[in-house]
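So the structure is just underneath, and the comments pick up after that.
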Amino acid sequence: MAAPQEKRSSEERKHKSVPNGAQKSQGQWGRAWEVDWFSLASIIFLLLFAPLIVYYFIMSCDQYQCSLVSPLVDLLLGNTRLSDIWDKTPPLTYKAAGIYVLWVTFQVILYAFVPDFCHKFLPGYVGGVQEGAVTPAGIVNKYEINGLQAWIITHVLWFANAYYFHWFSPTIIFDNWIPLLWCANILGYVVSTFAMIKGYFFPTNAKDCKFTGNFFYDYMMGIEFNPRIGKWFDFKLFFNGRPGIVAWTLINLSYAAKQQELYGQVTNSMILVNVLQGIYVLDFFWNEAWYLKTIDICHDHFGWYLGWGDCVWLPYLYTLQGLYLVYHPVQLGTANAVGILILGLVGYYIFRVTNHQKDLFRRTNGNCKIWRKKPEYIECSYMSVDGTKYYSKLMTSGFWGWARHFNYTGDLMGSLAYCLACGFGHVLPYFYIMYMAILLTHRCLRDEHRCFCKYGKDWERYAAKVPYRLLPGIF
Ligand code: NDP
C-alpha cells in the first residue's frame, strides 16, 4: 500500500515550479553526479584497504589472541614476516565453499520463492508485498517483505540441528571462519562487478542510473539504484538483509557454542552480546517494511559499498565482540552486567522509538499522535528528475525535535554496550563503536547534504528549528 504522502505526491504531478529555492538541485537528490578529489581518494583507499582491514582483524584473533598491536610489533621487530603470517592463514577449502554455497542458496530460496506468511498470523507485523519510497526517477518499487520468516526458519533449523539432528556442530561457523572469509569476498566482488556491468548493459531502470564518468566512484557507490533480476529479486534488499544480517545472530550463536566447547560454560558477557545484538537483528526483520524507507534503500545506489560491504564487512566486523569473547571469555560482575544491559536497552529504546515516530508520522501524513500530542512539522517540497513536484513534511516534535538524528544516538548507545561487555583488555572489540561513530556521523552529514539538495530552503528552516544533529546542546 502506498504511504499517504506518496499518494498525495502523485496527485501533484502537474506542478512544475519549485518555490523553496532548490531550483539548482531539481531532481539531483540521489547520490553524487560529480566526484571531488577527496571522495575519490577515500574511495580508492577503501577499495584497496577495506578487505585488508577485515583480514587484519580476523587474522589477529586467529594468530595473536585478538591483539591488534602484536602483529605490527612482531613485523617491525623482525620476529615474523608477512609471508609467515600468510602461511599460517587457513586457505579456502572445499568444505567452506560448500557451506557458503548452501547458505547463500538457502537464503535465495527463502527470499525469492517463499512468500511471507508471518503477516497472516503475527499481529502488528507488516510483511508481504510492500511499496518502497519514490525514486529520483519517480518510480515506486514493490518488494516482497519476508525477512522475518527467513530469519525464523533459519534459526529454527539451527536449533533443531543443535539439539536434535546433529548434522553439523554449532561451532561450524567459528571453525571455518577464515575459509568462509574468502568465500564471502568472492561473492562480494562478483556481485559488485555484476552490478556494474548490469548498470551499463541491462539496467532494471535506466532513468534511475547514475554515471559520474569515474570508474572507481561508480564501482564503489553503484550505478543502478534498484538493480533487480526478474520482477522480485531485488539486490539491495537481498544483500542488505540476507545473507549478512540473518547470519549475524547465527555467527554469535556459533561463538557461544565455541565458548561452551572450550571452557565448559558460556560467560554472561557472551550472553549479553548475543541478546543485545539479537534484539537489534530481530528488530531489523520485524521492521523490514520500514527499512524500505531508510537511506540504504531510498537513496544509496548498489555498488561495491553495499555489495561487498554486506557480504564481508558486516558479518565479519559487526560480530567482533563475540569472536573476541571466544579468545578472552569475560565474566562480568553483576553490577557491570546490569549496567551494560540497561545501556543497551535504553539505546535500543531510543533507536526504535525515534525510528517509529518518523515512520508513523510519514505513514499517516502527520495525522497521528506523538507523545500524546499532534506532531509539529514543517511543510516542504521537492522535484523528481522529470520535473514533477512532490510535497512532504519534516517533523519537529518527539525525538525529532530533540536532534535531527536522535535515532543514530540510540544506535550508538547500543553499540557501546556491546563493546563494554568485552571489558577493557583489548582495543579490538571497541572497533565497532569507533566505526559506528564515524559511519553515523558521516551518514548524518551526507544525509543532511542530500536533504538540503532535495528540500532547499525548507531544509534550512527545519535545521534552524532543530539545531542539533546527534546530541542536544552539543553537536
Ligand atoms: P533515517 O531513518 O534517519 O532517515 C533519514 C531520512 O529521513 C532523511 O533522508 C529524510 O528523508 C527523512 N527525514 C529526516 N528528518 C526528518 C524529519 N524530521 N521528519 C521526517 N522525515 C525526516 O536514517 P537512516 O536511513 O540512515 O537510518 C535508519 C536507522 O538505521 C537508524 O536508526 C540508524 O541508526 C540505523 N542504521 C544502522 C546501521 C548499521 O550499520 N547498524 C547503518 C545505517 C543506519 P526524506 O527524503 O524521506 O525526507
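The values are calculated or read from the model by the stated rules, or taken from the named source; none is laboratory data. Here the structure is a predicted model, which means the values were calculated and not measured. Cβ placement follows ideal geometry from the backbone for every residue including glycine, while neighbour counts extend to all protein chains displayed. For accessibility, only protein heavy atoms count, side chains too; no ligands or nucleic acids. Shrake-Rupley method; radii C 1.70, N 1.55, O 1.52, S 1.80 Å.
Taken together, the residues in region 220-242 that are under 19 Å from the mean Cα position of the chain (by Cα) and either of a type in the set (Phe, Trp, Tyr) or not assigned by the TED database to the domain that holds Glu288 (or both) amount to 5. Lys231 meets each of the listed conditions (1) open to solvent by less than 40 Å² (accessible area, probe 1.4 Å); (2) among the basic types (Lys, Arg); (3) modelled with pLDDT under 95 apart from (1).
Restricting the first member to region 35-56 and to residues that are farther than 30 Å from Asp74 by Cβ, and the second to residues that are surrounded by 13 or more Cβ atoms within 10 Å (Cβ to Cβ), the beta-carbon pairs closer than 6 Å and six or more apart or on different chains are Val35/Thr212; Val35/Asn214; Val35/Tyr217; Ile43/Phe216; Ile43/Tyr217; Ile43/Met220. Evaluating Tyr305 against the criteria (1) away from the ligand (no atom under 14 Å from the Cβ); (2) under 27 Å from Tyr189 (Cβ atoms); (3) of a type outside the set (A, V, I, L, M); (4) open to solvent by 40 Å² or more (accessible area, probe 1.4 Å) leaves one unmet condition, (1).
Within the group Leu394, Leu412, Leu416, which residue is touching a Cys at 6+ places or on another chain (Cβ under 9 Å) and aliphatic (A, V, I, L, M)? Write out each step before concluding.
Values: Leu412 fails: touching a Cys at 6+ places or on another chain (Cβ under 9 Å); Leu416 fails: touching a Cys at 6+ places or on another chain (Cβ under 9 Å).
Unique residue meeting the criteria: Leu394.
Scanning region 377-414 for residues that are part of a helix (DSSP H, G or I) and more than 15 Å from Ala463 (Cβ to Cβ) yields Phe399, Asn407, Tyr408, Thr409, Gly410, Asp411, Leu412, Met413, Gly414. Among what's in region 371-429 and is more than 8 Å from the ligand (Cβ to nearest atom) and free of Cβ contacts under 8 Å to residues at least 40 places away in the same chain, pick the residue that is surrounded by the fewest Cβ atoms within 10 Å (Cβ to Cβ). The extreme case among them is Arg372. Of the numbered criteria (1) under 30 Å from Gln65 (Cα atoms); (2) open to solvent by 40 Å² or more (accessible area, probe 1.4 Å); (3) of a type in the set (Val, Ile, Thr), the one Ile340 fails is (2).
Taking into account only those residues within region 343-370 that are of a type in the set (S, T, N, Q) and surrounded by 17 or more Cβ atoms within 10 Å (Cβ to Cβ), which is farthest from the ligand (Cβ to nearest atom)? The extreme case among them is Asn365.
Scanning region 299-315 for residues that are within 13 Å of the chain's Cα centre (by Cα) and part of a helix (DSSP H, G or I) turns up Tyr305, Leu306, Gly307, Trp308, Gly309, Asp310, Cys311, Val312, Trp313, Leu314, Pro315.
Only one of the numbered conditions (1) under 29 Å from Pro329 (Cα atoms); (2) open to solvent by 40 Å² or more (accessible area, probe 1.4 Å); (3) outside any helix (DSSP H, G or I) is not met by Pro472, and that is (1). The residue pairs whose first member lies in region 431-453 and is without any contact (Cβ under 8 Å) to a residue 12 or more places away in the chain, whose second member is buried (at least 19 other Cβ atoms within 10 Å of the Cβ) and not in a helix (DSSP H, G or I), and whose beta carbons are closer than 7 Å, counting only pairs six or more residues apart or on different chains, do not exist in this structure.
Kindly evaluate Thr294 against the criterion of being at pLDDT below 95, assigned by the TED database to the domain that holds Asn407 and either open to solvent by 30 Å² or more (accessible area, probe 1.4 Å) or among the hydroxyl-bearing types (Ser, Thr, Tyr) (or both). Criteria not met by Thr294.
Return a yes/no flag: does region 263-273 have any residue that is at pLDDT 95 or above, open to solvent by 50 Å² or more (accessible area, probe 1.4 Å) and in a helix (DSSP H, G or I). Yes - at least one qualifying residue is present in region 263-273.
For Lys24, indicate whether it is out of contact with any Cys (no Cβ under 8 Å at 6 or more places or on another chain), at pLDDT 95 or above and not in a loop (DSSP other than H, G, I, E, B). So Lys24 fails the test.
Residues that are open to solvent by less than 10 Å² (accessible area, probe 1.4 Å) and over 30 Å from Glu261 (Cα atoms), at least 1 per element: which helices (runs of 4 or more DSSP H) completely within region 95-186 meet that? I'd like the intermediate steps shown before the answer.
Values: elements: 118-121, 147-160, 172-175.
Result: 118-121, 147-160.
Taking Gln260 as the residue in question, decide whether it is among the polar types (S, T, N, Q) and either open to solvent by less than 40 Å² (accessible area, probe 1.4 Å) or assigned to a helix (DSSP H, G or I) (or both). So Gln260 fits the description; yes.
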